[in-house]
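What follows is calculated from the coordinates using simple rules that are stated; it is not laboratory data. The structure displayed is predicted, hence computed values, not measured ones. All Cβ positions, even for glycine, are placed from backbone atoms using ideal geometry, and neighbour counts span all protein chains on display.
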Amino acid sequence: MILSPGAILRVGLLLLLAVVLQLSGLSQLSILGGHIDLVVLVVAAVAYYGGSVSGCATGFAAGFLLDLMSGATMGVSSLVLTAVGYGVGRFREVRDPSHGLLPLGVGAAATGGFLVGFAAVSFMLDVGASVSPLVIRDAIVTVLLNTLLALPVFTATRRLLRPALRVDPLEVRRRRRPPRETGPLGLRGLEV
Amino acid sequence: MYDRKVVRRRRATLAVFVALSIALLTAYFGESGGGFFHAFQRGAQEAFAPIETGASRALKPVRDLFGWAGDTFDAKDENKDLKREVERLRAALADAQTAQRDATQLKGLVGLGEDEGFPRGTEPVTARVIARSPTVWYSSIKIDKGSSDGVKVDQPVLAAGSDPDASEVGGLAGKVTSVSGGTAEVTLITDASIGVAAQVMPSGATGVVRPAVGNPRDLLMEFVEGGRVTENTTVATSGFTIDKGQSLFPRGIPIGRVSDVDLDEVEIYQRVHLEPYADLKSIDIVQVLTRRPRTSQTAGVIVP
């Protein structure tokens with residue numbers, strides 16, 4: 001991603017919107033015990049389209065904002081989301097994926113990673129009480145909900161970041177399509 | 001090929017942000033509630049509070065919508081649970097009510113046996129009604145005791161009243177008309193074929209009690225002799241023979257209470273209405289008097 005002031009502003013606004021939506025609305029919507037985790041999806045989407053550097057920077061900023069506004073222990077979300085953003089960004093850089101449905105898997109993996117990482121850090125820090133097995137059920141529901149929401153979030157993020165993207169995976173996919181075989185027989189394969 | 005500079009930059013970025021996070025975490029965790037980061041967090045929360053409040057209000061309809069959907073699902077589950085609970089409680093209530101009803105009727109029968117004028121030495125056998133005549137005449141029932149329990153044809157049958165706690169503890173219900181090994185059929189006193197020699201207590205007027213067919217709460221006492229009958233007096237079996245055959249009902253079994261007296265124009269003939277003590281509409285438990293009392297007085301049945 002081209003780190004222009006406009007791109008940084010867009011990502012900043014996107015994160016702010018995501019955090020506000022998360023805290024004011026989505027966290028209060030319990031669906032089958034779980035809830036949508038929009039911030040993770042946004043971080044994953046930015047990392048997916050922007051790469052690992054943008055991903056870990058976005059993850060840190062999102063975590064910082066989230067902890068700041070929610071009153072949670074500062075640094076926990078930042079640490080985990082930094083790792084999530086970096087991981088998704090590296091996946092994008094190494095595998096160079098272009099399948100249209102990949103955001104589903106990326107969203108699910110990012111959410112799962114965030115939940116596991118957050119639980120691990122929380123355990124290491126200050127959770128001394130026994131934990132109900134229902135946490136696992138809720139985590140699974142959250143992963144499923146985020147998987148369902150991944151495509152629209154990724155699409156919206158892509159549209160928002162498109163001017164600042166060095167490489168758009170959808171464009172790459174379009175370029176990889178085989179040439180259309182049209183026209184007279186002698187001209188097939190010449191993309192006439 | 002990867003550009004080393006890019007790789008270094010990427011790793012450095014990661015290291016910086018991770019280090020920043022850990023530093024933030026350590027600092028926040030290590031400081032007191034009034035420390036810099038805590039104060040910064042409080043300040044930020046205050047600053048963002050209006051935005052969060054506005055967003056919360058704006059998103060309330062969405063939350064309500066999801067909440068409504070969730071509540072609907074919960075309500076459905078709750079409804080299922082409550083339905084199961086209601087079914088269970090209904091079954092328990094039915095059991096309890098059945099037990100209560102049985103106890104009430106048994107209490108009535110026990111009270112009847114302890115009555116002063118009730119014939120002694122009759123060896124009552126308690127039986128449960130297992131079948132009932134489906135017609136509105138309430139003319140016969142089937143009980144779960146038969147010849148193997150000592151039940152024989154023509155033995156008198158008693159039933160509890162509708163309210164054993166009141167003075168009307170029960171009374172004559174009918175007689176056994178057929179017996180098998182384990183069951184017996186009882187023809188009730190409301191059947192048109194039944195007639196019972198009766199006596200009004202304490203005036204001593206005698207007559208024959210016959211049913212008013214179709215109304216199990218009304219019996220008629222006819223051929224009344226021996227004095228004027230008044231309302232609310234008790235009518236019991238007289239033990240008199242009114243037929244050539246063997247008398248059936250021992251003296252002293254209560255039949256009912258005089259509810260009305262019709263006089264003809266010359267006030268000679270009385271037509272007495274009785275309300276039977278036995279609750280003939282809903283009998284569940286009866287007693288069959290399997291032995292004749294020691295006294296010789298018995299009443300008979302009119303053969304139609």
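Scanning region B:204-228 for residues that are under 16 Å from B:GLY252 (Cα atoms) and exposed (fewer than 15 other Cβ atoms within 10 Å of the Cβ) returns a single hit, B:GLY204. Name the single residue that is farthest from B:GLU46 (Cα to Cα) among those in region A:61-98 being within 13 Å of the chain's Cα centre (by Cα) and among the aromatic types (Phe, Trp, Tyr). Result: A:PHE91. Could you tell me whether region B:31-47 includes any residue that is polar (S, T, N, Q), facing another protein chain (nearest Cβ under 8 Å), more than 60 Å from the chain's Cα centre (by Cα) and surrounded by fewer than 13 Cβ atoms within 10 Å (Cβ to Cβ)? For region B:31-47, residues polar (S, T, N, Q), facing another protein chain (nearest Cβ under 8 Å), more than 60 Å from the chain's Cα centre (by Cα) and surrounded by fewer than 13 Cβ atoms within 10 Å (Cβ to Cβ): absent.
Scanning region B:172-208 for residues that are farther than 24 Å from B:THR126 by Cβ and not in a loop (DSSP other than H, G, I, E, B) yields B:ALA197, B:ALA198, B:GLN199, B:VAL200, B:MET201, B:THR206, B:GLY207, B:VAL208.
When only residues in region A:67-96 that are of a type in the set (Ser, Thr, Tyr) and more than 7 Å from chain B (Cβ to nearest Cβ) count, which is nearest to A:GLY107 (Cα to Cα)? Selected residue: A:SER77. Among the residues making up region A:34-53, those that are within 10 Å of chain B (Cβ to nearest Cβ) and in contact with a Lys or Arg (Cβ under 6 Å, 6 or more places away or on another chain) are A:SER52, A:VAL53. Total residues in region A:4-32 satisfying the condition of being in contact (Cβ under 8 Å) with a residue 60 or more places away in the chain and more than 10 Å from every other protein chain (Cβ to nearest Cβ): the figure is 6.
Considering the conditions (1) of a type outside the set (D, E, K, R); (2) under 18 Å from A:VAL116 (Cβ atoms); (3) at the interface with chain B (Cβ under 8 Å from one of its Cβ atoms); (4) assigned to a helix (DSSP H, G or I), A:PHE64 is excluded by exactly one of them, (2).
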